[in-house]
Structures are given as C-alpha cells and as structure tokens.
Amino acid sequence: MGFIRNKVLFVVLSIIGVLLISFGLATLNGSVKKDISSPPKSAEIQMLEKIEVKLVGEYNIGTYSINTHVDNNSQDINIDVLGSQEYYDSVKHEIKDIVRNLIKSTKFEVYNVNVKKGEILQMITEEELERNNLLVEIAKKINNELSNAYPNKIDGGVDMRIPPSDAPQELIVEVSTLLEGKKQEAIGKEIEKTVYTTLEKKLASNKLLKESTVKIYIYNKYKEKIKI
C-alpha cells in the first residue's frame, strides 16, 4: 500500500510540475510579446527627430532608423556613419552615448543602439552633404505641420525624393495617409495645401526649394494616389 501511495503521490506531483512549467512558459511567452511590442509610429517619428537634431550637422550621418524584428525578437536603433574608418572609430562611441541618453527613460530604452560604418560607393561631397541636410530640414518641418494638423490621418510621415545635383531639380513629396471613402479627395486637397503653405512660408530660405520644382502626391489608406 505504501508503494502505491508513493506512486500516486509521484504522479500527482508530476502533473503539478507539468502544469507549473506550462504556466511558466505561457507567462514567459506573454512577457516576450509584451516586450517586442513597438511604440506608436508618432513616438518613432518624434524620437527620430530628436536623433536628427543631436547628430545631423554635428557628425557625418548617413541613414538612421528605428526597427522592430518580430521574427528574432529584436528592437534596434541603427545609425550609419559616413567617412573614413579612422573617422568612424573616433566618433562611434560618442554617437552611441548620445543616442542612449536620448532614449533613457523612454519607450525606446530597451532598444539596441547600433552605430555602423555606412557603405558608400563614392566619396560624399560637401555639396551632397548640404543637400541632404536641406532635405532633412524640409521633411522635418512638413512632418511637424502635418502631425499637428492631422494627428489621426497621417500614416508614418513623409517620403521625399530628389535627383542627383547634375539632373533637373524636382523635389517629390509623398504623403501616406489613412484616408478612405468619399471625403479622401477633399481632405487630401487640404493636406496638399498645408504642405505648399509650409514650403512657402516656413521654408522660404531653404536653398534646395529655391532651386527645385515641387510635386506633391497624397496616398490613401490602400497606398493609392488620391486624385486631387
């Protein structure tokens, strides 16, 4: 009888152990899902603007981005530094410290900060760096104006394109929105007008705008160009 009782007790304890392990795994999975959830797009845009203010102009910065990778459970802030290996080595730790201070006590505090040497096919001239900085200024100002005027209608900010300096200068401004239905054309027209007003009144001194013709395209929720 003692053997049977001990065997039953062992089976019961085994079942409890399996349940505890299952509960622990479920809790762990829940916490992983919680950790990998990314902040809203508006918070990403604001953080990228802070990074731009601190780094662009002070350092030779190429691209910078915030990325969430659900497949491998990673969250990263990536900064590309342009220039020689010697220049990269001299500034990479300083840049990483600046970004870490920016994200401290924010929703991005757990993100990895990766400062990498940007891969470029040719030397970046001073003129090209100036064009890049002018383009960043335009994008930042338009993003701010649209975020304030249409807080629930803009999807991820503004994309901008411009040809090389030796080609005819045409600045392309593309605005992705969450618009749909019958009112999308009317609101799209308002957004277009806001962009033009921003360019004319708040970026009048921007050298790149003075030298370029501007085309504005507004896209709806389904990535279709809105006819305005």
Anisotropy class of the stretch 80-157 from Cα gyration tensor, a/c 1.5 cut: oblate
Selection from Ser74, Gly57, Val113 lying farthest towards where the dipole of the stretch 55-150 points positive, charges on Cβ: Ser74
Cα-projected label distance for Arg100 with Leu129, points at 7 Å along beta-carbon direction, nm: 2.6
Extension gain from Ser38 to Glu185, taking 0.36 nm per residue of separation minus the Cα-Cα distance: 49.8 nm
Cα gyration tensor shape of the stretch 72-227, rounded if a/c is under 1.5, else prolate or oblate by comparing a/b with b/c: oblate
Cα gyration tensor shape for the stretch 41-117, rounded if a/c is under 1.5, else prolate or oblate: prolate
Förster-model FRET efficiency, 35 Å R0, Leu178 and Leu203, C-beta, rounded to 0.05: 0.90
Residues whose placed amide H lies under 5 Å from that of Val81, excluding near-sequence neighbours: Gly62, Lys116, Lys117, Gly118
Greater than 30 Å apart at Cα, pairs in Lys96/Lys193; Lys92/Lys215; Lys50/Lys210; Lys116/Lys153; Lys116/Lys225; Lys50/Lys227: Lys96/Lys193; Lys92/Lys215; Lys116/Lys153; Lys116/Lys225; Lys50/Lys227
Dipole magnitude of the stretch 149-219, debye to nearest 20 (Cβ charges: Lys/Arg +1, Asp/Glu -1, about Cα centre): 280
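None of the figures in this text is laboratory data; all of them are computed from the coordinates on show. Computed from a predicted model, the values in this text were never measured in an experiment. Using ideal geometry, Cβ is built from the backbone for each residue, glycine included, and neighbour counts are taken over all protein chains shown.
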